[in-house]
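Asker: Pasting a structure here, questions to come.
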Amino acid sequence: MLERRLLFVTGKGGVGKTAVSAGLALAAAQRGASVLLCDLEGRGDVAASFGVGDVRFAPRPVALQTDPSKPASGQGSLSLMAMDTEASLREYLHLNLRLPLLGRIGPLARTFDFVADAAPGVKEILAVGKLAWEVRERNYDLVIADSPASGHIVGHLAAPQAIAELVQVGLIRSQTDWMLDIIGDPAQTGVVVVTTAEEMPVTETIELLATLRQRTTADIAAVVVNRVLPELFTHRDEALFGELCEGDARRVLEAEVGAGVGVVLDAARLATGLRRRAAGHHDRLRDVEVGVPLLYLPERFGGDTGRAFSEWTATALDEEL
Ligand SMILES: Nc1ncnc2c1ncn2[C@@H]1O[C@H](COP(=O)(O)OP(=O)(O)O)[C@@H](O)[C@H]1O
Ligand SMILES: [Mg+2]
């Protein structure tokens, strides 16, 4: 997966898209790649994952090694950016038509908003086009897009094709063909769908994978099953808990060991129950999506946030890969 050049990380809201994007980006950089991590959602979550205040269109490098006592890892690098479609348009005009870099001037900005709102696919192609351009120019080894949720990612990935079909003329055509080449090439581009082993996220994931196959040329790189609960007990343990919770056993045990033991037994049964329910949803996913690589990211207990949490997801995903 990390040998590809462009990864779109998507999934249902709240399942861990940003966590997985940040973890993959950091893992790849720590393995020695130069990585660009782009926030396509624009809520500042990527910036928060690395504990930096403000991330904008211009890439901002972050340190790979925060612990100075450890040796610097590899030769990799990580930069963060947030998508801004108007800035992307300005950069495009500057690079392709050699127009001077313009500030945001009133009439142009208003025209842009008007066109972008009226014509479907314009904002999307400016976002996807910018990322594909970074790949084409080989400015980074790997570009990772922390992408919008299920419903919107299809529009992004289908935009170059939609515009190519709409506008058959030379100039635009030649500007979409190279994007289609990059997005449709499984060696270069992949979609990573994040889910949790719960009913709605798994159902949505199965639907999203079908829609991606139907409406886009992008390859599915992997599904990440996030927040996997640890297997704490064996089947024998579980049978024993069952017996201890029944009838007189519990009363006798509490009298011998103390009242707290009942609470521990309840917690143990809850943990196995939750895990078993998740296993059912996981099996449904695995049975429908035969052949799609599944990666597992455990539930992280302890409430880490920001950079510390991203370091943890990077290590966990790296081991999984
Ligand atoms: N493996 C995990 N263990 C514990 N908490 C997690 C895990 N993955 C994500 N979270 C938490 O779940 C919340 C949503 O994750 P986030 O990556 O922001 O989701 P999304 O980008 O899909 O909306 C965050 O508070 C995040 O810290
Ligand atoms: Mg997010």
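The values are calculated or read from the model by the stated rules, or taken from the named source; none is laboratory data. All values reported here derive from a predicted model rather than from experimental measurement. Here the Cβ is made from the backbone with ideal geometry for all residues, glycine too, and neighbour counts use every protein chain on show. Accessible surface is based on the protein model in full, side chains and every heavy atom, while ligands, DNA and RNA are left aside. Shrake-Rupley method; radii C 1.70, N 1.55, O 1.52, S 1.80 Å.
Asker: What fraction of the DSSP beta bridges in the chain is antiparallel, stated in percent and rounded to the nearest 5?
Answerer: Counting only bridges with both partners in the chain, antiparallel ones make up about 10 percent.
Asker: How do VAL194, VAL122 stack up against each other in accessible area, from largest to smallest, with a 1.4 angstrom probe?
Answerer: Working: VAL194 0, VAL122 30 Å².
Result of the area sort, largest leading: VAL122, VAL194.
Asker: Right, something else. Ignoring ligands and nucleic acids, what accessible area does LEU232 show with a 1.4 Å probe (Å², nearest 10)?
Answerer: 110 Å²
Asker: Place the peptides 84-94, 145-155 in order of packing, highest mean first, counting for every residue the other Cβ atoms within 10 Å and averaging per peptide.
Answerer: Values: 84-94: 17.8, 145-155: 21.3.
The densest-packed peptide leads the list: 145-155, 84-94.
Asker: Related question: Counting other Cβ atoms within 10 Å of each Cβ, which chymotrypsin sites (Phe, Trp or Tyr not before Pro) in region 267-320 have at most 16 and sit in a DSSP loop?
Answerer: On the way: sites: TYR296, PHE301, PHE309, TRP312; in loops: PHE301.
Of the chymotrypsin sites (Phe, Trp or Tyr not before Pro), the ones in loops of region 267-320 whose Cβ has at most 16 other Cβ atoms within 10 Å are PHE301.
Asker: Using Cα pairs closer than 8 Å and at least 6 residues apart in sequence, work out the relative contact order for the chain, in percent.
Answerer: 26 percent
Asker: Please calculate how many Å² of accessible area the chain carries per residue, with a 1.4 Å probe and no DNA, RNA or ligand atoms counted.
Answerer: Accessible area per residue: 51 Å².
Asker: Distance from the Cα centre of region 1-30 to that of region 286-319, in angstrom?
Answerer: So the two Cα centres are separated by 10 Å.
Asker: For a quick check of understanding: with a 1.4 angstrom probe and all protein chains in place, what accessible area in square angstrom does THR313 have, to the nearest ten?
Answerer: Counting only protein heavy atoms, the figure is 0 Å².
Asker: Please give the charge dipole size of the chain, origin at the Cα centre, charges +1 on K and R Cβ atoms and -1 on D and E Cβ atoms. Round to the nearest 20 debye.
Answerer: On the way: 32 positive and 43 negative charges, 196 e Å.
The dipole of the chain has a size of about 940 debye.
Asker: Ignoring ligands, DNA and RNA, what percent of the accessible area of the chain is carbon or sulfur (1.4 Å)?
Answerer: 55 percent
Asker: Follow-up question, since we're still on this one. With a 1.4 Å probe and all protein chains kept in place, how much accessible area does LYS130 have, in Å² rounded to the nearest 10?
Answerer: 10 Å²
Asker: Pick out which of LEU36, LEU244, LEU24 has the largest mean-square fluctuation in a Gaussian network model of the chain, springs linking Cα atoms closer than 10 Å.
Answerer: Result: LEU244 has the largest fluctuation of those listed.
Asker: A further question on this structure: Show CYS245, CYS38 ordered by accessible area, largest first, where the area counts protein heavy atoms only and the probe is 1.4 Å.
Answerer: Order by accessible area, largest first: CYS245, CYS38.
Asker: At 222 nm, what helix-only mean residue ellipticity would the chain give, in deg cm²/dmol to the nearest 500, using -39500 (n - 2.57) for each DSSP H run of four or more?
Answerer: -17500 deg cm²/dmol
Asker: So, one more: Which loop-located GluC sites (Glu not before Pro) does region 119-149 contain, where loop means any DSSP state but H, G, I, E or B and the Cβ has at most 16 other Cβ atoms within 10 Å?
Answerer: GLU137
Asker: Hey, another quick one. Pop out the ³J(HN,Hα) list for region 30-38 in order, Karplus 6.51 cos²θ - 1.76 cosθ + 1.60 with θ = phi - 60°, rounded to Hz; leave Gly and Pro as x.
Answerer: 5, 7, x, 8, 8, 10, 10, 10, 10
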